[in-house]
Structure formats: C-alpha cells, structure tokens
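Data block below; observations after.
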Amino acid sequence: MHNYQKLMITLIGLITLGMVQISIASVVSTGDFNKDFFVMWSPSHVNTSADGRTRSLKLDQESGSGFSTNQMFLFGQIDMQIKLVPGRSAGTVVAYYLTSDQPNRDEVDFEFLGNVVGRPYIIQTNIYADGFDDREERIKLWFDPTKDFHTYSILWNLHQIVFMVDSIPIRLYRNHADKGVAYPRWQPMSLKATIWNGDSWATGGGRDKIDWSKGPFIASFRNYKIDACIWKGNARFCRAESSSNWWNTEQFSTLTSMQRRWFKWVRKYHMIYDYCQDNQRFQNKLPKECSLPKY
C-alpha cells in the first residue's frame with residue numbers, strides 16, 4: 001500500500017472518529033428519571049412514578065429534597081414540565097438550575113418563589129459566571145403555575161443564554177466575553193432540581209414565613225428533555241458547530257422577530273425587578289453588560 005493511501009485511510013479514520021465523538025456528545029434524554037438522574041438529597045422526600053416518567057419533591061419541617069443529572073453538559077437546551085406548590089406556598093423555593101459545582105462556579109437559575117394565596121407566583125432568574133452573581137431578575141407569571149404543568153426551558157450556547165416559559169423568552173444573557181463581561185462558556189454543568197425553605201427572603205422580603213400547617217409542600221416534574229453536549233473532558237467537541245450541536249449554529253445566535261415581540265411583552269407587563277435598573281444597589285455603577293445589546 002502506498003504511503004498516500006495509508007495517509008488517506010488514517011485521515012478518514014480520524015474524521016470518522018471525530019464524527020462519532022461529536023455525534024455521541026449530543027443526548028436526547030430517555031424521559032426516565034431513574035435512568036438520567038440520581039437523588040442527591042433526602043430520598044424519603046422524593047417520589048417517582050412506577051414508569052419513571054414523573055417525579056415529585058417534598059418539603060416539610062424535617063427536610064427539603066432534590067435530584068441531579070448523572071451527566072454534566074457544556075451547551076444545549078433543557079426543558080422540564082413543572083407543576084408548582086399549590087395553595088399557600090409562601091417561603092418555599094423550588095429551584096431548577098444548571099450548576100458547575102466549582103468554587104468559581106457557573107450557574108443558570110430558575111427559582112420559583114412561593115406566595116400567599118391570591119398573589120401571583122414570582123420567578124427569579126440569576127446567572128453566576130466565574131463565581132460572581134448579583135444578576136437577579138424577577139417576573140410575575142401570567143398564569144397559575146400550580147393548576148397544571150408548564151414547560152420551563154434554558155437554551156445555553158456560545159452566543160446567549162435564553163430563559164423560556166412555554167417557549168416564551170423571559171430573559172436573555174448575551175455572550176459579551178470579548179468586551180470583558182463574564183459568561184459561562186468553559187465549565188460543564190449538571191441539571192438539578194430542589195425544593196427548600198427560603199422563608200428568610202423568598203416571599204415579601206422574608207416577612208411571609210412558611211406556614212407548616214399547610215404542608216407538606218410538593219412540586220412535580222415530568223416530560224423533561226435534555227438535548228445537550230455531554231461532557232467528555234474536551235470542550236472542543238461541545239464548542240464546535242455541527243448538526244449535533246445545533247444550538248451553536250447561527251440560527252440560534254439571537255432571538256427571532258417573533259421571540260423578540262414576546263420578550264418585550266414580558267419585560268413591559270410582567271417584570272418586577274431588573275438588576276440592570278437598580279442604580280441604588282450598584283451605587284450608579286451598573287454591571288458592564290447592562291449597557292450592551294441583548295440581541
């Protein structure tokens with residue numbers, strides 16, 4: 001065999017191996033909580049249906065609870081249907097988030113803040129990048145999230161992080177790392193869900209405490225989808241643009257015109273706190289990203 005033929009066979013083999021590695025990097029989840037997640041906190045407070053398709057977390061005076069993915073990911077999209085704690089849920093916090101669990105951690109948070117009956121549920125979102133947060137935003141939901149399941153999603157790619165509720169974008173965080181703004185782009189993260197006692201701050205600034213006589217407090221989860229790059233120790237595969245890493249393609253680098261209209265609607269009618277408008281908190285020195293474009 002000529003050296004040229006050997007070289008071509010070697011190159012084809014390397015290309016094929018690369019394609020296999022990239023293709024296995026993207027996972028479409030099984031939908032079975034028992035296969036894709038482990039219970040990380042208080043197994044006695046975690047209940048999973050016989051088919052593994054639905055899971056609930058319980059909070060009582062004894063403990064909260066939580067679960068986490070077996071795998072870690074670097075970029076992708078996650079979707080989870082959640083039904084929140086009904087009735088008087090003041091002081092409870094249901095968290096659904098990506099986290100790297102490192103000292104200088106990256107984290108992308110949905111936090112659902114319980115409330116007294118008659119007041120709307122509040123979603124707080126936050127982003128940690130290189131260990132720093134202080135990027136909270138809050139919106140009031142335009143529906144009752146305790147009556148039925150709704151889909152809460154995070155799109156995380158090289159260009160942006162998009163928080164969505166039933167496919168409606170409620171928050172954007174753009175990658176402005178080239179302008180000196182920290183952005184989660186190197187640390188793989190796992191997906192976690194927890195329920196816990198946050199009554200020191202969660203409702204009415206901590207004035208509305210948990211009424212334990214209304215417990216136990218239960219949040220339910222189902223129909224999750226994780227389409228993301230499984231961490232294999234090499235960021236190169238997850239940062240590549242490929243058919244597997246669809247989230248990194250140009251199509252998902254910004255919002256569509258329809259998404260922008262929905263986003264503006266949420267910001268105009270449902271936002272109740274934006275750190276980028278809190279001059280008092282930052283002593284008129286707002287974080288750099290606040291003056292940069294979101295799209």
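In table form, for the structure just shown:
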read-out: Qualifying residues in the stretch 64-87 (those that are within 24 Å of L155 (Cβ to Cβ) and outside any strand (DSSP E or B)) - the one least open to solvent (accessible area, probe 1.4 Å); value: L84
read-out: Members of the stretch 43-63 found to be in contact with a Lys or Arg (Cβ under 8 Å, 6 or more places away or on another chain) and outside any strand (DSSP E or B), listed by number; value: H45, S49, G52, R53
read-out: Complete set of residues in the stretch 119-135 that are over 18 Å from G91 (Cα atoms) and either touching a strand residue (DSSP E or B) at 6+ places or on another chain (Cβ under 7 Å) or not charged (D, E, K, R) (or both); value: N126, I127, Y128, A129, G131, F132, D133, R135
read-out: Residue check, E241 open to solvent by 20 Å² or more (accessible area, probe 1.4 Å), in contact with a helix residue (DSSP H, G or I) (Cβ under 9 Å, 6 or more places away or on another chain) and either of a type in the set (S, T, Y) or farther than 17 Å from N115 by Cα (or both); value: yes
read-out: Pairs with Cβ under 7 Å, 6+ apart, first in the stretch 231-259 and at pLDDT 90 or above, second among the hydroxyl-bearing types (S, T, Y) and surrounded by 11 or more Cβ atoms within 10 Å (Cβ to Cβ); value: N245/S26; T254/Y295; L255/Y295
read-out: Residue tally, condition over 24 Å from I210 (Cβ atoms), of a type outside the set (S, T, N, Q) and either in a strand (DSSP E or B) or open to solvent by less than 30 Å² (accessible area, probe 1.4 Å) (or both), over the stretch 146-160; value: 3
read-out: Of all residues in the stretch 120-145 being exposed (fewer than 15 other Cβ atoms within 10 Å of the Cβ) and more than 18 Å from the chain's Cα centre (by Cα), the one that is farthest from P169 (Cα to Cα); value: D144
read-out: Test: residue in the stretch 269-280 that is open to solvent by 80 Å² or more (accessible area, probe 1.4 Å), under 25 Å from A129 (Cα atoms), free of Cβ contacts under 8 Å to residues at least 60 places away in the same chain and over 22 Å from the mean Cα position of the chain (by Cα); value: yes
read-out: Some residue of the stretch 197-213 being touching a residue at least 24 places away in the same chain (Cβ under 8 Å), touching a strand residue (DSSP E or B) at 6+ places or on another chain (Cβ under 8 Å), open to solvent by 20 Å² or more (accessible area, probe 1.4 Å) and farther than 25 Å from S49 by Cβ; value: yes
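The values are calculated or read from the model by the stated rules, or taken from the named source; none is laboratory data. All values derive from a computational prediction rather than experimental measurement. Cβ: placed from backbone, ideal geometry, glycine included. Neighbour counts: every protein chain shown. What goes into the accessible areas is simple: the full protein's heavy atoms, side chains included, and nothing from ligands, DNA or RNA. Shrake-Rupley method; radii C 1.70, N 1.55, O 1.52, S 1.80 Å.
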